[in-house]
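One structure is given below, encoded as structure tokens.
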Amino acid sequence: MVDNKKGFHITINIVMILLSLCCLLPFILLVVSSFTDEAALIRDGYSFFPKAFSLDAYLYIFSGSAKILKGYGITVFISIVGTDIGILMTILLAYPLSRKELPGRNWISFFIFFTMLFNGGLVPSYMIWSNTFHIRDTMWALLLPNLLMNAFNIIMMRNYLKANVPDEIIEAAKIDGANEFRILFKVVFPMSVPMVATLGLMVGLGYWNDWQNGLYYIASRTELYSIQNILNRMLQDAQFLASGQAGGNVGEMAASLPSVGIKMAIAVAGILPVMLIYPFVQRYLVKGITIGAVKG
């Protein structure tokens, strides 16, 4: 019996190591390729041990360092503000839905779930945000559309609160004279840290990786571009130059442009800040998703 358990644990550990390598090795290859000389990439392909080292791709990206730093600043600001507001709105709606005494909570839950299945689509959304709310070419265009709150997050938070916040604690707080807002922020919120961290990571990643809102709603004020929009524009410019359609002296300069390495470097520049933050919230992620998704 002991040997069977030992064999099982060894097998599971081997499987988990292999799965971890499947996740880690592509990222390592991405980083290594971004520091590889363009000629070596084209000649030898992608390799964990490149024959020629080069910083040309990063020199191209950070040649306009002021623009890049401003793009990072805008993205960080939008991600922090949008995540805070999104989590606040989510918990303000999920908490009442987790209470049995809320009148009509089943109907409200149904309407929220309905939005997961059907929506107006891109064109109606664009018309509403542009013609009714007039957010084009403003910072609000990066903050408001589609990302502040969604039904999936509300349902996960509601299920987490139902499963992990006992009614007895809420009743005890009421006996002590606490109102609903005080119960929410002094009792319920501290007990919901795993789910708040999980949703915060998901919402924050949505803001950090978002480039569509900038593409749709930022037309003339390109100084409001997030880092994803700036990197996407750089990638398009590099691809255009590499295609040889520019002609003249520009076409000659494009011949030495590290077009393949630029793609790798752009991916690293976009994902690296997230990779640095992820280890600090990872311990909450599995617990929050597991409890919020399967209970209630």
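The values are calculated or read from the model by the stated rules, or taken from the named source; none is laboratory data. Everything quoted here is computed from the prediction, not taken from an experiment. So basically every Cβ, Gly included, is an ideal-geometry build from the backbone, and we count neighbours across all protein chains shown. Side chains are part of the model used for accessible areas, which takes the heavy atoms of the whole protein and leaves out ligands, DNA and RNA. Shrake-Rupley method; radii C 1.70, N 1.55, O 1.52, S 1.80 Å.
Please list, in order along the range 157-174, the HN-Hα scalar couplings obtained from phi with the Karplus expression 6.51 cos²θ - 1.76 cosθ + 1.60 (θ = phi - 60°), rounded to whole Hz, x for Gly and Pro.
Values per residue, Gly and Pro as x: 5, 4, 4, 5, 5, 5, 8, 10, 10, x, 4, 5, 5, 5, 5, 5, 5, 5 Hz.
Take the range 59-199, compute every pairwise Cα distance, and split them into 5 Å bins from 0; I just need the percent in each bin.
So the P(r) values, bin by bin, are 2, 8, 14, 16, 15, 14, 11, 9, 6, 3, 2, 1, 0.
Run the simple label-point estimate for residue 63 and residue 182 please: 7 Å along Cα→C-beta, distance reported in nm.
The modelled label-to-label distance comes out at 6.2 nm.
Counting other C-beta atoms within 10 Å, and keeping those with at most 13, which DSSP coil chymotrypsin sites (Phe, Trp or Tyr not before Pro) do you find in the range 89-159? It would help to have the intermediate numbers written out before the result.
On the way: sites: 107, 110, 111, 113, 114, 118, 126, 129, 133, 140, 152; in loops: 118, 133.
Qualifying residues, ordered by number: 118, 133.
Which value results for Rg/Rh of the range 1-53 when Rg is the Cα radius of gyration and Rh the Kirkwood radius based on the inverse mean 1/r?
My calculation of the ratio gives 1.34.
If r is the Cβ-Cβ distance from residue 88 to residue 17 and R0 is 35 Å, what FRET efficiency results, to the nearest 0.05?
Once the sixth-power term is evaluated, E becomes 0.30.
What is the set of long-range amide H partners of residue 36 at a cut-off below 5 Å, with H atoms built 1.01 Å from backbone N?
54
What are the ³J(HN,Hα) values, in whole Hz, obtained from phi via the Karplus relation 6.51 cos²θ - 1.76 cosθ + 1.60 with θ = phi - 60°, for each residue of the range 139-153 in sequence order, with x given for Gly and Pro?
Once rounded to whole Hz, the list reads 5, 4, 5, 8, 9, 7, x, 6, 10, 5, 7, 9, 5, 4, 5.
Could you work out how far helix 2-34 tilts from the main Cα principal axis of the chain, as a 0 to 90 degree angle to the nearest 10?
50 degrees
Within the range 1-87, which chymotrypsin sites (Phe, Trp or Tyr not before Pro) sit in a loop by DSSP and count at most 15 neighbouring Cβ atoms inside 10 Å?
Of the chymotrypsin sites (Phe, Trp or Tyr not before Pro), the ones in loops of the range 1-87 whose Cβ has at most 15 other Cβ atoms within 10 Å are 46, 48.
What full-extension length gain, to one decimal in nm, is calculated for residue 108 and residue 126 as 0.36 nm per residue of separation minus the Cα-Cα distance?
Here the answer is 3.9 nm.
Can you match P(r) over Cα pairs in 10 Å bins from 0, in percent to one of these, [x] 5, 21, 22, 17, 13, 10, 8, 3, 0; [y] 5, 17, 20, 21, 18, 11, 5, 2, 0; [z] 5, 19, 24, 23, 17, 8, 3, 0, 0, based on a calculation from the structure here?
Among [x] 5, 21, 22, 17, 13, 10, 8, 3, 0; [y] 5, 17, 20, 21, 18, 11, 5, 2, 0; [z] 5, 19, 24, 23, 17, 8, 3, 0, 0, the one calculated here is [z].
Would you kindly find the accessible area of residue 277, with a 1.4 Å probe and non-protein molecules such as ligands, DNA and RNA excluded, rounding to the nearest 10 Å²?
100 Å²
To test your reading of the geometry: what angle, between 0 and 90 degrees and rounded to tens, separates the Cα axis of helix 65-97 from the longest principal axis of the chain?
Around 20 degrees separate the two axes.
Taking the highest mean first, how do the peptides 10-20, 182-192 order by number of other beta carbon atoms within 10 angstrom per residue?
182-192, 10-20
Share of the chain's accessible area from carbon and sulfur, percent, 1.4 Å?
Roughly 68 percent of what the probe reaches on the chain is carbon or sulfur.
Note down the magnitude of the dipole of the chain about its Cα centre, charges +1 on Lys and Arg C-beta and -1 on Asp and Glu C-beta and zero elsewhere, to the nearest 20 debye.
Taking the Cα centre of the chain as origin, the dipole is about 660 debye.
Measure out, as a whole number of angstrom, how far apart the alpha-carbon centroids of the range 46-97 and the range 3-39 sit.
25 Å
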